[in-house]
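Undergrad: First the structure, then my questions, so here it is.
The values are calculated or read from the model by the stated rules, or taken from the named source; none is laboratory data. Values in this document were obtained by computation on a predicted structure and should not be read as measured data. When we count neighbours, we look across all protein chains shown, and the Cβ atoms used for this are built from the backbone with ideal geometry, even at glycine. With ligands, DNA and RNA removed, areas are computed over all heavy atoms of the protein, side chains included. Shrake-Rupley method; radii C 1.70, N 1.55, O 1.52, S 1.80 Å.
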Amino acid sequence: MNKKLIALDLDGTTLNNRSEISVRTQNVLTTLRNAGHLVSIVTGRPYRNSKQFYTQLGMETPMVNFNGALCHLPDQLNWESQYHKTLDREIALDMLTLKKELDIHLIAAELRDTVFADNYFVPYSDFFPEGKKGASKLTSSSLKEDPTAVCVFTDKENQAYIIEKISARYGDSVEIRTWGGQTPCLEIVAAGVQKALGVERIAQVYGINQKDIIAFGDEDNDYEMIQYAGHGVVMKNGIDSLKQISNDVTEKTNNEEGLAHYLENYFKLV
């Protein structure tokens, strides 16, 4: 079997519903890495609250954060193949006005390693991994540079309406993606940003052919990655529109170790 690049979404895919990587999943991924395959995390999450999974898996490969806005090698700050695409600061600040007219719990402007939030609503347990002291108040005076992304947390039933409002306001200057598994997030990034950009960059660096890319996802923000991969796999718990363009669907959900089960069978580990 050719060397594969295995691109992994986190929430709703690699993580269970408690936002954990199971021992079984960790062991399967370690076995595949030891066999010479590349395993990379490709997530909508910022690095600040996904690095614990990178560390847990003992990874040394590039990582994609913010739905493709950042592709980097965490242990090499000056990695020559990294890229970082940012969102206009004025858009980020203007979005604060949306909260006055829409039912939004939290707006957070994410920089590469820091976060500015308009309040301290906690959408999921490790959103503020260092506690509230790890975040700054989001204001026009505190946000000095263009952020990587803006995250908007609201109830799931409000998402479609808020997406419509954001799209009408900013048009083609932004991309809006959803992720978060049990805690849905609307992530706004610069136009053209999507996960496949990061997967393509990693494949180019390591000389992996497109046909040898296996990607796993479950949500709207995984669409281009699943479509781009030579073998795109959607979780049983994934959205129907993603399943329609996939090459395969797992037999089990993320909360049933569906990723580990699929990889064990695909690579004949059991």
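Undergrad: Specify the residue that is most open to solvent (accessible area, probe 1.4 Å); the eligible residues are those in the stretch 184-212 that are among the β-branched types (Val, Ile, Thr) and part of a helix (DSSP H, G or I). Quick ask: steps written out before the conclusion?
TA: Pass one, the stretch 184-212, residues among the β-branched types (Val, Ile, Thr): 188-189, 193, 199, 202, 205, 208.
Narrowing the set further to residues that are part of a helix (DSSP H, G or I) leaves 199, 202, 205.
Details: Val199: 3, Ile202: 2, Val205: 61 Å².
Ranking the qualifying residues of the stretch 184-212, first place goes to Val205.
Undergrad: In the stretch 13-64, what residues are open to solvent by 10 Å² or more (accessible area, probe 1.4 Å), of a type in the set (Gly, Ala, Ser) and either on the phi < 0 side of the Ramachandran plot or part of a helix (DSSP H, G or I) (or both)?
TA: Matches in the stretch 13-64: Ser22, Ala35.
Undergrad: Which residues, taken from the stretch 220-246, are open to solvent by less than 50 Å² (accessible area, probe 1.4 Å), within 14 Å of the chain's Cα centre (by Cα) and modelled with pLDDT of 95 or more?
TA: Answer for the stretch 220-246, where residues must be open to solvent by less than 50 Å² (accessible area, probe 1.4 Å), within 14 Å of the chain's Cα centre (by Cα) and modelled with pLDDT of 95 or more: Asp222, Glu224, Met225, Ile226.
Undergrad: Need a quick list: strands (runs of 3 or more DSSP E) entirely within the stretch 133-183 having at least 3 residues that are surrounded by 18 or more Cβ atoms within 10 Å (Cβ to Cβ).
TA: Here the list reads 149-153, 174-179.
Undergrad: I'm trying to understand the selection: among the residues of the stretch 78-112, which are outside any loop (DSSP other than H, G, I, E, B), under 17 Å from Thr154 (Cβ atoms) and open to solvent by 40 Å² or more (accessible area, probe 1.4 Å)?
TA: Selection gives Leu96, Thr97, Lys99, Lys100, Glu101.
Undergrad: Could you tell me whether any residue of the stretch 189-209 is free of Cβ contacts under 8 Å to residues at least 24 places away in the same chain and touching a helix residue (DSSP H, G or I) at 6+ places or on another chain (Cβ under 6 Å)?
TA: There is at least one residue in the stretch 189-209 that is free of Cβ contacts under 8 Å to residues at least 24 places away in the same chain and touching a helix residue (DSSP H, G or I) at 6+ places or on another chain (Cβ under 6 Å).
Undergrad: May I ask you to list pairs of residues, at least six apart or on different chains, whose Cβ atoms are under 7 Å apart, with the first in the stretch 253-270 being closer than 15 Å to Arg18 by Cα and touching a residue at least 12 places away in the same chain (Cβ under 8 Å) and the second being part of a helix (DSSP H, G or I) and open to solvent by 30 Å² or more (accessible area, probe 1.4 Å)?
TA: Glu257/Arg24
Undergrad: How many residues are in a loop (DSSP other than H, G, I, E, B) and open to solvent by 60 Å² or more (accessible area, probe 1.4 Å) when one looks only at the stretch 113-132? Walk me through how you get there before you give the answer.
TA: Here is the first cut: in the stretch 113-132, the ones in a loop (DSSP other than H, G, I, E, B) are 113-114, 118-131.
Then keep just the ones that are open to solvent by 60 Å² or more (accessible area, probe 1.4 Å); that gives 113-114, 120-122, 125, 129-130.
Qualifying residue count for the region: 8.
Undergrad: Taking Thr43 as meeting all but one of (1) closer than 18 Å to Leu186 by Cβ; (2) over 12 Å from the mean Cα position of the chain (by Cα); (3) among the β-branched types (Val, Ile, Thr), write down the number of the exception.
TA: Just one mismatch for Thr43, condition (2).
Undergrad: If you check Val189 against the conditions, is it hydrophobic (A, V, I, L, M, F, W, C) and either closer than 30 Å to Pro147 by Cβ or at pLDDT below 95 (or both)?
TA: Working: hydrophobic (A, V, I, L, M, F, W, C): yes; either closer than 30 Å to Pro147 by Cβ or at pLDDT below 95 (or both): yes.
Yes: the conditions hold for Val189.
Undergrad: Could you grab the pairs with beta carbons closer than 7 Å, sequence gap of 6+ or different chains, first residue in the stretch 56-80 and of a type in the set (Gly, Ala, Ser), second one in a loop (DSSP other than H, G, I, E, B)?
TA: From the stretch 56-80, the pairs are Gly68/Val193; Gly68/Gln194; Ala69/Lys85; Ala69/Thr148; Ala69/Val193.
Undergrad: Go through the stretch 222-243 and give me each residue that's in a helix (DSSP H, G or I) and closer than 14 Å to Glu200 by Cβ.
TA: Here is the first cut: in the stretch 222-243, the ones in a helix (DSSP H, G or I) are 222-228, 240-243.
Within the stretch 222-243, Glu224, Met225, Ile226, Gln227, Tyr228 qualify.
Undergrad: What pairs come up if the first residue lies in the stretch 81-97 and is touching a residue at least 40 places away in the same chain (Cβ under 8 Å), the second is open to solvent by 50 Å² or more (accessible area, probe 1.4 Å) and among the hydrophobic types (A, V, I, L, M, F, W, C), and their beta carbons are under 6 Å apart, counting only those six or more places apart or on different chains?
TA: Qualifying pairs under 6 Å: Ser81/Val205.
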